[in-house]
Structure formats: C-alpha cells, structure tokens
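**Q** Got a structure here, written out as structure tokens. Questions coming.
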Amino acid sequence: MILFHVFFNDHVGNDFNTLFKSFPVEKKYYAAGVPGSFHGRLFPKSSLHFIHSSYALQWLSRVPREILDKDSSAFNKGKIYITNAPKEVAQAYSAQFAQDLAWFLNFRALELVPGGLMALLIPCRPLNCKNKLAAALDMLEDILLGMACKFKGINLAKQILKKAILDHFDIGTLHLDSSHALNIADLGCSIGPNTFFVVENIIEFIYLKFQSSGYDFDKFEFNVFFNDHVSNDFNTLFKSFPVEKKYYAAGVPGSFHGRLFPKSSLHFVHSSYALQWLSRVPKEILDKDSRAFNKGKIYFTTAPKEVALAYSAQFAEDMACFLNSRAVELVPGGLVALLIPCMPLNSKNTTAASIDVLGDILMDLASKGKISDELVNSFNMPLYFPTTEEVKLLIETNGNFSIEIMEPIVWPQAVININANFLHMRAGWERLVRQHFGGDIVDEVFEQFQNKMEESSIWKDSSYDHLKELFVVVKMKFV
Ligand SMILES: C[S@@+](CC[C@H](N)C(=O)[O-])C[C@H]1O[C@@H](n2cnc3c(N)ncnc32)[C@H](O)[C@@H]1O
C-alpha cells in the first residue's frame, strides 16, 4: 500500500515537463510538482512531515536592493558579485541571505507538523575566503563587461457547478484533517486558462457554501492539484498561474485512468472535456483476425457494428478505472463534477463525420503511395463520445457514487464557424497524426482537411447533430 505523497518544488520557471517525464517507473509514492518560491508559502498549514532541500538555499530571492541603487554606498558599479567589491556590497548580500533564510524557516514552521523534520544541505564558504564559484563569477563579470552591452461550455456550466456545491457539498460530513485543507483536483487540465477559471469558481462557491452554513472560511486553506498526462506542458501551465491565487497549487502528471492521489485525500474533483479520450484504441480493431478489424477506417461511425461495440467497451473499461481510482482517493461525501461531450447513439453528427473525412484523406494518400496502407489500417482515433444513457449506466454499475446532478449544457443558438471548428479539431488531432505518420505529412493532411471541411455540406445539413455536453455531479457514497 502506498502511503507517501511527495511534492517536488522548484521555481515556476523550472522544467517540470522533464522532471515529470523522468519519474521512476516503479516509484512507491504519489507525486506532485509544486511551482513557486520556497521563500513563500507553498503548502497548507501543518500538512508536511519531512522537508528536504539541497544546494538550493544559496540562491537569494533577489539581488539586494542597495547594490542596484546608484546613491547607495553599496552600489555595485562594474561588478556582478561580492568579491573585489566594497564591503557594503558583502554586507548587503549577507543581510539578504539572513532575510531569505528567516522567510524560509518561518514558512516551513507553518507548513510542518509539530515534530516534523527538515534536512538542509547548504553550500557554505569561510567568510572572505576566495572560492571557485566566486572566481567563476568574476570571469562571467569580465565577459559581460567585455560584451558591454483554451471556455464557453465551462462558462455555461458555471451555474450548475454553483448549484452542485451549494446543494450537495456538505462540509460538516467531510473528513478534514487537522490542517483544515480542502483538496481539489482538476483532471485533464491541459495548460489553462480554462482550468484556472474553473478552480476559482469552485473556491468561490465553496466560500458561499461556508457563509450559508456558518463556517469560518479563514480557518480553511485550499490545495489545488492540476493533473494531465506526463507529456502535457506543465512549464506553460505553471507560468500561467494567476498572480493572486487563493490556493496552494501542484501539478500532478499521470493518467487519470489510474491512481494519482493518496487514499481519502481529495474533497472535490473536476474534469472537463477530457473523459472522451480513451486510454488506448480498442485492441480488437487492430487485430486482422478479429471481426472488429477496422480496415480502411479510422473511426467507427461508418464501420461494421463490431467496431462501435469495441469502442464502447473500451470507454466502459476506462470509466470503470476512472471511477474506481476516484472512489479510493475521495473522502466519503466528496464530489466529482464531470463535463463530458456526448452524442446520441447512431446519430449522424458533425464531429464523427469530420473524423471520417480525415480517414478518407489518409486512405487517399495511401492510394497515391504517400503513406502505407498498413499505417492507415493501424491508425484509429482514441476518442469516444458516449450517450447520456451510457454515462448514467456506467456510474450506476460502478456503485461507488450517487448521481446528484445530470444535465445537458444548453448552448444559445450559435452560427457555426467552420474555420473555428477546423482549428479546434486540428489542435486536438494533429499530435495523433504526427505521432503515427510522422511530421512530413501533417501539413498536407490538414490543408486537405481544411479544404474539405469548407466544401462539406454537413455544416448546413440539419440531419447532422453537433456534440452535446453533459454535466454530471456525483457524490462519493458513505459506506
Ligand atoms: C480538450 S483538453 C481539456 C482541457 C480542460 N479541461 C478544458 O476544459 O479546457 C483535454 C485534456 O485532457 C487530457 N487527458 C486526456 N486523457 C487523459 C488522461 N487519461 N489522464 C490525464 N489527462 C488526460 C489531455 O492531455 C488534454 O490536456
């Protein structure tokens, strides 16, 4: 049983993408990245048991102000460091270090539980002694002197989210530990900005709920976990964090089809426009000997019924993995809010028709010898848009959650913008085409795709439906 939750912290500018991709495969802990300066608060009160930091505290939070001030006796003219500079510069540096260390210790004192340990490895030097780093900085100084010089549906869902929290988020029954931290996770968050909008809404509505229930909001702190695949651009996500956010934040790389958090540690889970992505293309449709082999197609809408069945079975398996993992991670009474693009079964719809157009283009390129038939036959879209009935049945069959809200998002009548639709599809699908067929063919595929989309009659044909979003709120059952 995994009992450890490890938080990896560095500046927002750190390369978290690389860090996340380098996580040991068989690690025995849950992991999260926490962007931000350790000279400030990073974690809720009394929430940490052990802190480690090595070779980091020598980095000051900033260059001492006085050494930049032309009117100060500590102005560091023509120098970039302490060595060979007036003694006021060294004093300013040491005062800055003292202030930074005080901040570091004060904040960790708030975040650690009593009895918690901290291990620090700090590079030190005897005062006034020359060292290699200072010499290297002197050299850099010489060199420098020498040179001299992604929202709409989420917004529509906002009112349902508010209703969900006010009517169904019962703080009195939730298990909160001594830190009084409320843990929220957005699964499949991408790089923003939608995720920040959603998280702020969730916190605002919880605040309203606290007010109406007579709770002291100030006693509580929020921990928000932003999850997406390891390949997501967490660097960009972290750099886009709102400046004045009212929560502690961490990035959690990994698939939401598996476990991401310790047992009973989450209070609210949100996920929008992400569950339609399957964990994999169903195996049978790649198997030449199976009746579900999807020859010459990349999706199921115009394929034999066995292909559609394989897709829906894969979605059911993925939903079960998602719900089972959340059932372990959520506290009883915790909520899960899901925004899932759905489509009526067997209906003609513009998204499926567009995927078919893409499939035809790929087949055409294969017939011209530009890509192999083999490559086209092994390419299928790992996407599935369930029906409302399927979602309901899968949640009920899972049995861990009670359905509190299940409502379609109602869009105002909008004029279809074909180009916007094309760009949206390209944004979602280009990566898949590139990964499977290589980069050389991508532009040709999507140029043809854009032309065909513009010529296509499906956008004006009223017998074609568009995807419908379903907003579902479920509550973890008390056993
Ligand atoms: C269309 S974006 C939606 C982003 C955001 N939630 C929003 O509503 O704007 C879908 C995101 O889900 C992520 N995703 C898909 N499958 C996932 C999985 N199994 N685990 C974690 N993230 C996943 C994708 O990487 C992508 O960033």
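**Q** What's the total number of residues in the stretch 165-189 that are of a type outside the set (Asp, Glu), out of contact with any strand residue (DSSP E or B) (no Cβ under 6 Å at 6 or more places or on another chain) and in a loop (DSSP other than H, G, I, E, B)?
**A** Narrowing the stretch 165-189 to residues of a type outside the set (Asp, Glu): 165-166, 168-169, 171-176, 178-185, 187-189.
Still in the running and out of contact with any strand residue (DSSP E or B) (no Cβ under 6 Å at 6 or more places or on another chain): 165-166, 171-172, 176, 178-180.
Next, only the ones that are in a loop (DSSP other than H, G, I, E, B) stay: 176, 178-180.
Number satisfying all stated conditions: 4.
**Q** Test Phe205 against the criterion of being in contact with a helix residue (DSSP H, G or I) (Cβ under 8 Å, 6 or more places away or on another chain) and within 22 Å of Leu48 (Cβ to Cβ), and give yes or no.
**A** Details: in contact with a helix residue (DSSP H, G or I) (Cβ under 8 Å, 6 or more places away or on another chain): yes; within 22 Å of Leu48 (Cβ to Cβ): no.
Considered against the rule, which asks whether it is in contact with a helix residue (DSSP H, G or I) (Cβ under 8 Å, 6 or more places away or on another chain) and within 22 Å of Leu48 (Cβ to Cβ), Phe205 comes out as no.
**Q** To continue, here is another question. Do any residues in the stretch 454-479 that are closer than 24 Å to His270 by Cα have Cβ atoms under 6 Å from those of residues that are among the charged types (D, E, K, R), where the two are at least six apart or on different chains, and which pairs are they?
**A** Cβ pairs passing all conditions: Phe471/Glu407; Val473/Glu404; Lys475/Glu404.
**Q** Considering only residues that are among the small types (Gly, Ala, Ser) and at pLDDT 95 or above, which ones fall in the stretch 370-410?
**A** The answer is Gly399, Ser402.
**Q** Pairs under 7 Å by beta carbon, first residue over 30 Å from Ala316 (Cβ atoms) in the stretch 357-386, partner not in a helix (DSSP H, G or I), six or more apart or different chains?
**A** Pairs found: Leu365/Ile371; Ala366/Ser372.
**Q** Please go through the stretch 246-263 and give me each residue that is more than 16 Å from the ligand (Cβ to nearest atom), crowded, with 17+ Cβ neighbours inside 10 Å and either in a loop (DSSP other than H, G, I, E, B) or on the phi > 0 side of the Ramachandran plot (or both), ordered by number.
**A** From the stretch 246-263, those more than 16 Å from the ligand (Cβ to nearest atom) are 246-248, 262-263; that's our starting set.
Okay, now just the ones that are also crowded, with 17+ Cβ neighbours inside 10 Å, so 247-248, 262.
Within the stretch 246-263, Tyr247, Pro262 qualify.
**Q** In the stretch 105-127, is there at least one residue being farther than 17 Å from Phe43 by Cα, β-branched (Val, Ile, Thr) and loosely packed, with under 15 Cβ neighbours inside 10 Å?
**A** Scanning the stretch 105-127, I find at least one residue that is farther than 17 Å from Phe43 by Cα, β-branched (Val, Ile, Thr) and loosely packed, with under 15 Cβ neighbours inside 10 Å, so the answer is yes.
**Q** Quick one: in the stretch 264-302, which of the residues that are on the phi > 0 side of the Ramachandran plot and either of a type in the set (Val, Ile, Thr) or in contact with a strand residue (DSSP E or B) (Cβ under 7 Å, 6 or more places away or on another chain) (or both) is farthest from the ligand (Cβ to nearest atom)?
**A** Here the residue is Ser264.
**Q** Hey, another quick one. If Val243 passes every condition in (1) away from the ligand (no atom under 16 Å from the Cβ); (2) out of contact with any strand residue (DSSP E or B) (no Cβ under 9 Å at 6 or more places or on another chain); (3) in a helix (DSSP H, G or I) but one, which one does it miss?
**A** Among (1) away from the ligand (no atom under 16 Å from the Cβ); (2) out of contact with any strand residue (DSSP E or B) (no Cβ under 9 Å at 6 or more places or on another chain); (3) in a helix (DSSP H, G or I), Val243 violates only (3).
**Q** Further, regarding this structure: Quick test for you: out of Leu144, Leu137, pick the one residue that is surrounded by 15 or more Cβ atoms within 10 Å (Cβ to Cβ), at pLDDT below 80, of a type in the set (A, V, I, L, M, F, W, C) and farther than 30 Å from Ser46 by Cβ. Before you say what the answer is, go through the steps one by one.
**A** Details: Leu144 fails: surrounded by 15 or more Cβ atoms within 10 Å (Cβ to Cβ).
Residue meeting the stated conditions: Leu137.
**Q** Next question, about the same structure. Using the structure shown, decide if Val479 is within 28 Å of Phe315 (Cα to Cα), in a loop (DSSP other than H, G, I, E, B) and touching a Pro at 6+ places or on another chain (Cβ under 9 Å).
**A** Criteria met by Val479.
**Q** The conditions are (1) at pLDDT 90 or above; (2) surrounded by 16 or more Cβ atoms within 10 Å (Cβ to Cβ), and Asn421 fails exactly one of them. Which is it?
**A** (1)
**Q** Follow-up. Quickly run through the stretch 210-235 and pick out the residues that are more than 13 Å from the ligand (Cβ to nearest atom) and either among the hydrophobic types (A, V, I, L, M, F, W, C) or loosely packed, with under 15 Cβ neighbours inside 10 Å (or both).
**A** Of the stretch 210-235, the ones more than 13 Å from the ligand (Cβ to nearest atom) are 210-224, 235.
Correct list: Phe210, Gln211, Ser212, Ser213, Gly214, Asp216, Phe217, Asp218, Lys219, Phe220, Phe222, Val224.
**Q** What's the number of the only condition in (1) hydroxyl-bearing (Ser, Thr, Tyr); (2) over 24 Å from Leu338 (Cβ atoms); (3) more than 13 Å from the ligand (Cβ to nearest atom); (4) not in a loop (DSSP other than H, G, I, E, B) that Tyr207 fails to meet?
**A** Against the list (1) hydroxyl-bearing (Ser, Thr, Tyr); (2) over 24 Å from Leu338 (Cβ atoms); (3) more than 13 Å from the ligand (Cβ to nearest atom); (4) not in a loop (DSSP other than H, G, I, E, B), Tyr207 comes up short only on (2).
**Q** Now for a different question. Could you check the stretch 43-91 and list, in sequence order, the residues that are polar (S, T, N, Q) and either at pLDDT 90 or above or exposed (fewer than 14 other Cβ atoms within 10 Å of the Cβ) (or both)?
**A** If we filter the stretch 43-91 for residues that are polar (S, T, N, Q), which is where we start, we get 46-47, 53-54, 58, 61, 72-73, 76, 83-84, 91.
The answer is Ser46, Ser47, Ser53, Ser54, Gln58, Ser61, Ser73, Asn84.
**Q** Inspect all residues belonging to the stretch 271-288 and state whether any of them is β-branched (Val, Ile, Thr) and assigned to a helix (DSSP H, G or I). Don't jump to the end; show me each part of the working.
**A** Going residue by residue through the stretch 271-288, those that are β-branched (Val, Ile, Thr) are 281, 285.
Next, only the ones that are assigned to a helix (DSSP H, G or I) stay: 285.
Scanning the stretch 271-288 turns up at least one residue that is β-branched (Val, Ile, Thr) and assigned to a helix (DSSP H, G or I).
**Q** Could I ask something else about it? Name the residues in the stretch 275-304 that are under 30 Å from Ser190 (Cα atoms) and of a type in the set (Val, Ile, Thr), would you?
**A** Of everything in the stretch 275-304, those that are under 30 Å from Ser190 (Cα atoms) and of a type in the set (Val, Ile, Thr) turn out to be Val281, Ile285, Ile298, Thr301.
**Q** From the list Ala308, Ala327, Ala320, which one is at pLDDT 95 or above, part of a helix (DSSP H, G or I) and away from the ligand (no atom under 15 Å from the Cβ)? Steps first, please.
**A** Working: Ala308 fails: at pLDDT 95 or above; Ala320 fails: away from the ligand (no atom under 15 Å from the Cβ).
Exactly one of Ala308, Ala327, Ala320 is at pLDDT 95 or above, part of a helix (DSSP H, G or I) and away from the ligand (no atom under 15 Å from the Cβ), namely Ala327.
**Q** Quick one: is Leu275 crowded, with 21+ Cβ neighbours inside 10 Å, touching a His at 6+ places or on another chain (Cβ under 9 Å) and not aromatic (Phe, Trp, Tyr)?
**A** no
**Q** May I ask you to list the residues in the stretch 166-203 that are among the β-branched types (Val, Ile, Thr) and either within 16 Å of the ligand (Cβ to nearest atom) or in contact with a His (Cβ under 8 Å, 6 or more places away or on another chain) (or both)? Please lay out each step first, then the result.
**A** Here is the first cut: in the stretch 166-203, the ones among the β-branched types (Val, Ile, Thr) are 171, 173, 184, 191, 195, 198-199, 202-203.
Ile184, Ile191, Thr195, Val198, Val199, Ile202 - these are the residues of the stretch 166-203 that are among the β-branched types (Val, Ile, Thr) and either within 16 Å of the ligand (Cβ to nearest atom) or in contact with a His (Cβ under 8 Å, 6 or more places away or on another chain) (or both).
The values are calculated or read from the model by the stated rules, or taken from the named source; none is laboratory data. Nothing here was measured: the structure is a model prediction, and the numbers come from that model. Because the Cβ atoms are built from the backbone with ideal geometry, glycine has one as well, and the counts that use them run over all protein chains shown.
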